[in-house]
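> Here you go, one structure.
The values are calculated or read from the model by the stated rules, or taken from the named source; none is laboratory data. Keep in mind that what you see is a predicted model, and the values were worked out from it rather than measured. Positions of Cβ are backbone-derived with ideal geometry, glycine not excepted, and every protein chain shown enters the neighbour counts.
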């Protein structure tokens, strides 16, 4: 994609480009912290897409993916609108501790930066109660968006204030909730590509260039993808039950896309992942048919409940043998733990074995672990998609 | 209490003392981390009491309170049993970052050290379903304890392992769940004395030397006090509904006791708080009547929902004017924020005012705050107990 | 001083005010980090003064002192020029780790933010070699400043780049080296007021409102005060030896002023310290005679070599009994250490005693210490100034 | 080497094995922290060797190298004595901050764990003054060791105490100073193999399996290798000047060996590096001739002054293109920096080029850098050894 570098996005006759800055937090010097918002408005109608990256500050590859998406947008025939928000967490991105970026949680209180988005089942229920069976879908969508966003605004304006992570999340969510398609770009610790997909959007998983798919149910646990699809899912289910004769498909999809390891960027990988996203967006009519096509790979899926965490049974120094993305048979050795107190005897090295057939998806990024550290996350009971 | 220093606990003819060490974690050197368990067994029957301190590593004053309790136990006529576990989190206590102790959460993943205790409503329901209406209370208690502890053991022995904070919490909870009375000793950041009391045990709040009382409902949010009383509360409510003619009082109480500010110890304050605990334990028949008496003070209480967090409306440098424990009128100035970019004009200093009449209980321990920092926690709608 | 709040600095007919921003670093989002520079230029001639605060990010009280200086400058008859740079380290000020500010060193590599100023004895020597015995003092000063600043510029423009702390320091030093008087405002951990004074400027220590004075020799250890006075001291000594008949007093003074404890601001204390600084500046002819006068207090001084660090002899939990600023007799108990493993016996509490008569100036801000932690810094062999 | 796992070191008829624990620090729980000391005493005479690893807590591969050395010692014909101290810094090894180990410096004060060893030129000079020209070399060595160690003991027993890093360093140095050969095993951030060699021991660099050699002069900067060879070098130089007719070679060598990247262990690489060390020790007569032989590789050397740090010219997100250990031509692109604020234009990506022909040895382990971060360390003006 890099051959397009000399072209400007403003040269693309199919879209209008604008850039603005969104204030999302204020630091201890009393200064506003803002994030760039890149907006591409196609001249033809189409879905609205929202993409953000680096809500976890050390997960930086998404910024490169956004860069590569922008390179493609210099010549692409965009339909609808794409909003790109790279490096969307200026607090987390700048929190160093030692050489690494301590970007997964607020250093003050441990709050995960991706767990404070807004979801209020009762707020949604109040909306459902008022929907009429013959309302036009587009109008319901517009009203639902306004309804949820006013709920977000209510939180943001509370007398007693709002916590930092929640503020950051809500300010981004206000943007994202206007979109039909939301992509939240992440990385794992030492990780292969994987993607979280709501069970109903399983079909869409075929278009990303990502071999490992986690299918998640309609349960809100605080993240942006859930904060996007759970309300619409709840709305659809309730209306379908209430008015079963009508098709209540709002066409909203949201994904958490994990594109490899944190603390690293690679421009080539970024181009590959951007192409996958563009293939998915082509499938969703953001570009003319066949503008971008997915790669042909085997995709494995797992239900969220079968995506298992393996905790360190003991503290020590670990060599990770099982490689992310590579199938491991039951009882194969996944890791070896060195015990510095027993180097001269047979307790020097202990082995950690796969408790069942599995695909390790990611592992802890440090050799030094306490007992109870998340060593691996693994697909078990997986199946071909 | 310090005059008893020369006496040994083993000189007390009313009790038997023993000390053991409980392994609760394993560090990155592969070494076991243990905590001391001080056990005082009275020769007369009475309740079983469990007291721990410093599950949050920087909240160290509880260790002094335990020290002072032990001084008192050198001569006290103990009935029943008291188990004291000071410094119960050897990971959190030793996590420095700068000069302070980063002890509120696991530095690896942000997990609060006091939010991973075990509670499983379905496990409890299965027990309830099997209780017979005429079973002896003491037997139900013993069976319920065994039932819950086997649930804890099941978690601890899972094939895929258990996370560090959860391991630590469960190993302590196994001990605590045998007790009738559980005290979890904490401190606030910059804080006055306050105590969390389950609504049903409101009467007991009169005995501690603590002027500020938060009454909490039967909702589990992960802490030890809740993990102790919620199961019994659920059991009692279910049995009372099922068999309303019988009195289902199991006599279990649990409290989170917050005894001033973190990062500080004071032996004199510790003696004062130990006396309050001893007064409460006297009321609960752990000592002969009138062995220890509470101080006469006015106690204010608040329902948990009215215990409000005030978040910083802006980042900056803060002078905290409202003092913990001192009533503040609506619109009084609680804090001043300095803005280093506007020192020459009228935006240099902004004021934060009380949104209603309140008692500030604690405030943030650093002058430097980002927007959205927890500045104060306050009693609103409080009442005399 | 606060009654002047409604006045603007621009109303003061005796001076011209301007504000600018100096870029001192660039963060991981690729954004410039700047600091405000407040400049007050008196219409009458006088010395040039440079004041900065918070090079250590948690030492925030200096920002309040600068605020109070500005309040005074709204009406004061300034002679010469005062440059104020509050919150001069935007990296350190915003580095949280837990609730506190990790502002003493670069979190990436441990580099103290106040130890990378520039000093090059050979660079100075080259200048000395060229000074002629009959040159005008003001010209020598101007040339020396240009010489040193070109040395700083050379470092800043090196092909291989410059480290972050050094960049920050050098960019500030470029400003400071133009001044005749440099004040670097700091705080200790838990601390009373004290000031570092070069031995030759001992007389000036009488004017600050600070009772504890550390006299330091002509040795460069990396801090701003040394980086200011060491070059001039070296120049003076060399020229005095070379041309002993002439008086080579360049009138340069520099101080590190420590105004109490970190992590706290107080507007009232800030006004008190601002008055002391103004009294000193009055003595140095920055204001008309008697504009501001020092308070009458006893001042104690110590030679730097007698300013001793007391290290924790053991790990444990500490109650600090000796109060900063309060004389402690030899063998008096300064601190008590609680040992959580021995609470039932006579090893529960150990005492740390003063090894000689001393004034404790500051102590560690956390009760939890490892063996070898700096517990106290103390004046020994001190004398009345 | 792993085939020897079933053998025990005690089966080796050529040596006597013992293990002990050395207390090196005390944590905030008041508990001793110790390190294991593995001692192998050959039945034949030979040099005394001291090897330690992980003084920087995240640099863990040395522990595997020590493990592999022990495997070899199960059958090797050891002459002299080898002392192995793995994981020698129990504070640093257990300091997590986020998922990584913050092991390079004391988290309290930023003190590098490898910069507080003892060196006192005047102490050495006092010894030199007393050496007689005809003393037996072995006696001078023994007396010098006693002299230096009494200097270390004096520091450790100071009235005012000793700082934590210095305590840790001195307790290890006491052991190390008895040795003829000292190896301090380290890792770089993302790094290839390299070794620090005192200029006089250049010949020895041919025996390690390490292609990149840094030759260092007789300057003490705080590290263990310097603390070992600087005193002997100073002694030798002084005696050689004083009594030039005699050969004053004490046969002492010390090296800092950097064996790849931190935060990672690999058993295979560990065996390779262990073999290199054994080859060197064979050359030094710790094993019979040809017991272990070095690999044939080209070794490049650089004088310390030509081992350059490349600092980030700007903050941003970095792709590291130049690979550690791989020659880079002048003006070749070493890294690309992404600027998230300019993704749509030609300032999106900037390139960092090699300022001269060089071998990059290591680079920063995180993509996120502030301006002034150490991006690369590089050999310039290197030559074949």
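> Kindly establish whether residue A:201 is away from chain D (no Cβ under 14 Å), out of contact with any helix residue (DSSP H, G or I) (no Cβ under 8 Å at 6 or more places or on another chain) and surrounded by fewer than 24 Cβ atoms within 10 Å (Cβ to Cβ).
The answer is no for residue A:201.
> Would you check which residues across the range A:347-382 are under 22 Å from residue D:190 (Cβ atoms), more than 9 Å from chain B (Cβ to nearest Cβ) and assigned to a strand (DSSP E or B) and list them?
A:362, A:363
> Another question, if that's okay. Would you be able to tell me the number of residues in the range B:338-355 that are crowded, with 16+ Cβ neighbours inside 10 Å and farther than 17 Å from residue C:68 by Cβ?
Going through the range B:338-355 one residue at a time, the tally reaches 3.
> For the range C:304-327: of the residues being part of a loop (DSSP other than H, G, I, E, B), surrounded by fewer than 21 Cβ atoms within 10 Å (Cβ to Cβ) and away from chain D (no Cβ under 14 Å), which is nearest to the chain's Cα centre (by Cα)?
C:325
Yes or no, residue by residue, for (1) more than 30 Å from residue B:292 (Cα to Cα); (2) surrounded by fewer than 24 Cβ atoms within 10 Å (Cβ to Cβ); (3) more than 7 Å from every other protein chain (Cβ to nearest Cβ):
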{"site": "B:65", "(1), (2), (3)": "no, no, yes"}
{"site": "B:72", "(1), (2), (3)": "no, yes, yes"}
{"site": "B:93", "(1), (2), (3)": "yes, no, no"}
{"site": "B:112", "(1), (2), (3)": "yes, yes, no"}
{"site": "B:121", "(1), (2), (3)": "yes, yes, yes"}
{"site": "B:124", "(1), (2), (3)": "yes, yes, yes"}
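> Okay, moving on. Suppose we filter the range A:224-249 for residues that are under 15 Å from the mean Cα position of the chain (by Cα) and either more than 24 Å from residue A:302 (Cβ to Cβ) or not in a helix (DSSP H, G or I) (or both); how many remain?
So the count comes out to 0.
> Just for the range C:329-344: of the residues that are within 14 Å of chain D (Cβ to nearest Cβ) and out of contact with any helix residue (DSSP H, G or I) (no Cβ under 8 Å at 6 or more places or on another chain), which one is farthest from residue B:270 (Cα to Cα)?
If we take residues in the range C:329-344 being within 14 Å of chain D (Cβ to nearest Cβ) and out of contact with any helix residue (DSSP H, G or I) (no Cβ under 8 Å at 6 or more places or on another chain), then C:330 is farthest from residue B:270 (Cα to Cα).
> Next up: Being surrounded by fewer than 19 Cβ atoms within 10 Å (Cβ to Cβ), modelled with pLDDT of 95 or more and in the same structural domain as residue B:189 (by TED's automatic domain parsing) is the requirement here; does residue B:49 meet it?
no
> Please verify whether residue D:211 is touching a residue at least 24 places away in the same chain (Cβ under 8 Å), touching a helix residue (DSSP H, G or I) at 6+ places or on another chain (Cβ under 7 Å) and assigned by TED's automatic domain parsing to the domain that holds residue D:84, treating the condition exactly as stated.
no
> Show the residue pairs that are 6+ apart or on different chains and have beta-carbon atoms under 7 Å apart, the first residue being within the range A:147-160 and touching a residue at least 24 places away in the same chain (Cβ under 8 Å), the second being not in a loop (DSSP other than H, G, I, E, B).
Matching pairs, first to second residue: A:147/A:127; A:148/A:231; A:149/A:174; A:151/A:123; A:152/A:170; A:152/A:173; A:152/A:174; A:155/A:170.
> Checking residue A:82 against (1) surrounded by 24 or more Cβ atoms within 10 Å (Cβ to Cβ); (2) closer than 30 Å to residue C:96 by Cα, only one condition comes out false. Which one?
Unmet condition: (2).
> Would you check which residues across the range A:29-54 are within 17 Å of the chain's Cα centre (by Cα) and closer than 22 Å to residue C:91 by Cβ and list them?
A:54
> Take the conditions touching a residue at least 60 places away in the same chain (Cβ under 8 Å) and under 20 Å from the mean Cα position of the chain (by Cα) and apply them to residue D:81. Does it pass?
Judged against the criteria, residue D:81 is not a match.
> So how many residues does the range C:16-63 have that are under 30 Å from residue A:86 (Cβ atoms) and within 14 Å of chain D (Cβ to nearest Cβ)?
The total comes to 13.
Condition check ((1) in contact (Cβ under 8 Å) with a residue 60 or more places away in the chain; (2) surrounded by 19 or more Cβ atoms within 10 Å (Cβ to Cβ); (3) assigned to a loop (DSSP other than H, G, I, E, B); (4) on the phi > 0 side of the Ramachandran plot) across all residues:
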{"position": "A:218", "(1), (2), (3), (4)": "no, no, yes, no"}
{"position": "A:222", "(1), (2), (3), (4)": "yes, no, yes, yes"}
{"position": "A:258", "(1), (2), (3), (4)": "yes, yes, no, no"}
{"position": "A:264", "(1), (2), (3), (4)": "yes, yes, yes, no"}
{"position": "A:276", "(1), (2), (3), (4)": "yes, yes, no, no"}
{"position": "A:279", "(1), (2), (3), (4)": "yes, yes, no, no"}
{"position": "A:287", "(1), (2), (3), (4)": "yes, yes, yes, no"}
{"position": "A:302", "(1), (2), (3), (4)": "yes, yes, no, no"}
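> Separate question: Among the residues of the range D:176-186, is any assigned by TED's automatic domain parsing to the domain that holds residue D:57 and assigned to a helix (DSSP H, G or I)?
yes
> In contact with a helix residue (DSSP H, G or I) (Cβ under 7 Å, 6 or more places away or on another chain) and over 17 Å from residue C:317 (Cβ atoms): does that describe residue B:72?
yes
> Condition first: part of a loop (DSSP other than H, G, I, E, B) and surrounded by 15 or more Cβ atoms within 10 Å (Cβ to Cβ). Now tell me which residues in the range A:126-161 satisfy that.
Within the range A:126-161, A:131, A:160, A:161 meet the criteria.
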